[in-house]
Structures are given as C-alpha cells and as structure tokens.
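To start, the structure itself, in structure tokens.
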Amino acid sequence: MSDDWFEETYREVFRVGLRVKKWFHRSQSEFQRIDIFDSEIFGRVLGLDGVLNTSEGAEAFYHEQMVHPAMVSARSARRVLLIGGGDGGTAREVLRHPCVESLVMVEIDGEVVEACKRHLSTIGSAWEDPRLELIIGDGAAYVARGDLEPFDVILLDGTDPEGPGEALYTANFYGNCRARLAEGGVFALQSASPFIQREIFFRAQARLRAAFPSVHPYFGPAPLYCSGVWSWTHASDGVDPLAIDEARLAAIEAGCFYYNREIHRAAFVQPNFIRQGLAKL
Ligand code: SAM
C-alpha cells in the first residue's frame with residue numbers, strides 16, 4: 001500500500017483502491033490495523049486490516065439494511081443487542097427507533113471506537129444517547145453467558161471471518177444468539193458478498209440453518225465494498241421478515257437515505273444463483 005492510495009486486495013486476485021486525500025488515523029491495535037482517511041466520492045473512510053469497512057458517503061446503504069429489516073419485523077424492538085459495529089453507524093440507526101429502551105453494544109476493539117468517535121463523528125452520531133450501553137469485549141463470549149435478559153433483536157455487524165471476526169461465524173455462536181433471543185425475536189447479521197465471497201455466504205447460511213428454523217438472506221448494494229453487491233441475513237424462530245410493524249416503519253422511513261418499505265420487500269427476493277445455491281445446502 002502506498003501513502004497515496006488505500007488498496008484492498010481480495011485473496012491476491014482482486015484489488016480496489018481509493019486515492020487518499022488526507023490520513024487522519026493510522027495505528028495497529030491489539031486486534032487489527034486501523035486506518036481512517038479522507039477520499040473523493042466516499043468522503044472519510046475506515047479501513048480495518050486493509051479492508052474497506054465504512055465511509056461517510058456510502059455508509060447508509062449498509063447500516064440501514066443492517067438494522068431496519070430486523071427492527072420492523074421482530075415482535076418487539078425494545079431491547080437490542082449489537083455485536084461489533086465499532087464505527088457507530090449501526091448503533092445510530094437502532095437508536096433512531098423511538099421504541100428502543102436499551103441498546104447493549106459489545107465491540108471487541110476500544111481503539112476502533114475511539115478513533116471513529118474522533119474522526120468519523122458523522123457516522124457514529126449517537127454515542128451520547130443514554131439508552132446505549134457500550135461494552136468493550138468479545139461478542140462471542142458475551143452471548144455465551146447464561147445470565148442475560150432476552151433481547152428482542154440481536155444485530156451482528158462484524159468484520160470478515162479472519163482475525164477477531166472469526167468467532168462470529170461459527171454454528172456455536174449462532175446457537176448462543178438464538179438462545180439469547182426473546183420470543184418473536186430476530187437475529188440479523190451482515191453475511192458477506194454473495195458474489196465474490198460466495199463460499200463465506202453459503203457456509204454462513206448452512207450454519208444459520210443449523211441454529212435457526214427460519215433463515216432469510218436479503219440483498220442490496222454496498223458501493224464501498226469489493227464487488228458492490230452485499231448480503232445480510234434475517235434469522236429467527238419463525239418471524240415473517242415481510243410482516244412489517246407499521247408504527248415502527250413510519251417512525252424511521254422518511255429519515256432514511258436508502259431503505260423504505262419497497263426496498264424492504266425487494267431485498268428478500270432471491271436471484272437464481274442464490275436460490276440454486278441454497279437448494280444445494
Ligand atoms: N460494515 C463493516 C464491514 O462489513 O466491513 C463492519 C463494520 S464494524 C467496523 C466491524 C466491527 O466488528 C469492528 O469494529 C471489529 O472490531 C468488530 N469485531 C470483530 N470481531 C468482534 C468480536 N469477536 N466481538 C465484538 N466485536 C468484534
């Protein structure tokens with residue numbers, strides 16, 4: 001990586017890069033390399049271990065899809081758990097829902113949070129919300145605890161399954177998330193690019209199906225990420241992801257950049273290569 005460019009290389013065969021206008025932060029934490037810089041088109045960008053994670057310009061595509069399908073379809077959405085999400089964008093979208101009484105956020109890397117608070121404050125604009133409890137720790141260890149009150153919604157906004165994110169892609173972790181859900185609860189996670197990371201995507205689907213009776217991947221654009229097409233997955237004990245709570249939707253829809261009622265419905269439509277791949281699991 002030169003000083004002028006931030007380049008993400010996927011498996012030594014595919015590379016995308018952004019020209020750096022200015023570096024704001026460059027460090028190696030206990031868990032990962034953290035870079036924050038300014039760019040054309042995407043504005044300020046967060047890179048973790050050389051992977052483009054979020055940007056001021058395109059974060060809404062990702063964070064709104066990460067949060068709202070689960071928040072408007074769960075039976076209730078008062079008590080929410082977020083694992084990862086160190087840039088603060090997912091927490092911000094959760095806290096836009098007035099029905100939320102508490103959001104517990106468990107992020108492994110306090111250095112990511114501090115760097116993002118300092119340099120990406122437009123993304124993480126809800127750090128001071130009194131409903132937010134931030135715990136710096138491992139999300140996998142947290143959901144393994146047996147002494148937690150059930151959550152209505154659990155969101156996993158984690159990194160790729162390498163480094164600290166690895167523990168968040170196991171069947172055991174998914175099983176623990178299910179055990180922490182209240183009745184009618186929903187677990188939603190980012191589940192990688194179904195195109196260039198299709199083995200990660202299908203492996204996650206298989207493991208989720210082993211842990212949950214009802215698993216529905218959904219799709220959308222994520223312009224910052226390698227390959228552009230992204231997936232998230234809605235998993236539950238049988239909650240219909242298309243049964244929208246009207247009051248909850250009405251409270252957030254007009255303020256969204258990307259998400260709305262029609263996008264919600266369209267996102268769950270499966271392209272043929274996904275249908276065929278899922279049929280083989
Ligand atoms: N949207 C991003 C993407 O897909 O590229 C991910 C956003 S967010 C910055 C990912 C966060 O997950 C990081 O801050 C990372 O520190 C956190 N994380 C990774 N492994 C974790 C774990 N085991 N427990 C809690 N947080 C974790």
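None of the figures in this text is laboratory data; all of them are computed from the coordinates on show. Quantities reported herein were computed from a predicted structural model and do not represent experimental measurements. Note that each Cβ is placed from the backbone with ideal geometry, even for glycine, and that neighbours are counted across all protein chains shown.
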>> I'm trying to understand the selection: among the residues of segment 1-26, which are surrounded by 13 or more Cβ atoms within 10 Å (Cβ to Cβ) and in contact (Cβ under 8 Å) with a residue 24 or more places away in the chain?
In response: Met1, Phe6, Glu7, Glu8, Thr9, Tyr10, Val16, Leu18, Phe24, His25
>> List the residue pairs whose Cβ atoms are under 8 Å apart, where the first residue sits in segment 242-269 and is without any contact (Cβ under 8 Å) to a residue 24 or more places away in the chain and surrounded by fewer than 17 Cβ atoms within 10 Å (Cβ to Cβ), the second is aliphatic (A, V, I, L, M) and in a helix (DSSP H, G or I), and the two are 6 or more positions apart or on different chains.
In response: Arg261/Leu249
> From the residues in segment 86-108 that are in contact (Cβ under 8 Å) with a residue 60 or more places away in the chain and closer than 19 Å to Glu149 by Cβ, which one is farthest from the ligand (Cβ to nearest atom)?
Replying inline: Cys99
>> I'd like to verify a number: residues in segment 207-245 that are of a type in the set (A, V, I, L, M, F, W, C) and part of a loop (DSSP other than H, G, I, E, B), how many?
In response: 8
> In the set Glu133, Glu111, which member is within 16 Å of the ligand (Cβ to nearest atom), among the charged types (D, E, K, R) and not in a strand (DSSP E or B)?
Replying inline: Glu111
> Which ones in segment 149-179 are away from the ligand (no atom under 13 Å from the Cβ) and either at positive phi or touching a residue at least 60 places away in the same chain (Cβ under 8 Å) (or both)?
Replying inline: Glu149, Pro150, Phe151, Asp152, Val153, Tyr174
>> Filter segment 42-73 down to the residues that are in contact with a Leu (Cβ under 9 Å, 6 or more places away or on another chain), away from the ligand (no atom under 11 Å from the Cβ) and part of a loop (DSSP other than H, G, I, E, B) and list them by number.
In response: Phe42, Glu56, Gly57
>> Name the residue that is surrounded by the most Cβ atoms within 10 Å (Cβ to Cβ), counting only residues in segment 150-164 that are out of contact with any strand residue (DSSP E or B) (no Cβ under 7 Å at 6 or more places or on another chain) and assigned to a loop (DSSP other than H, G, I, E, B).
In response: Pro161
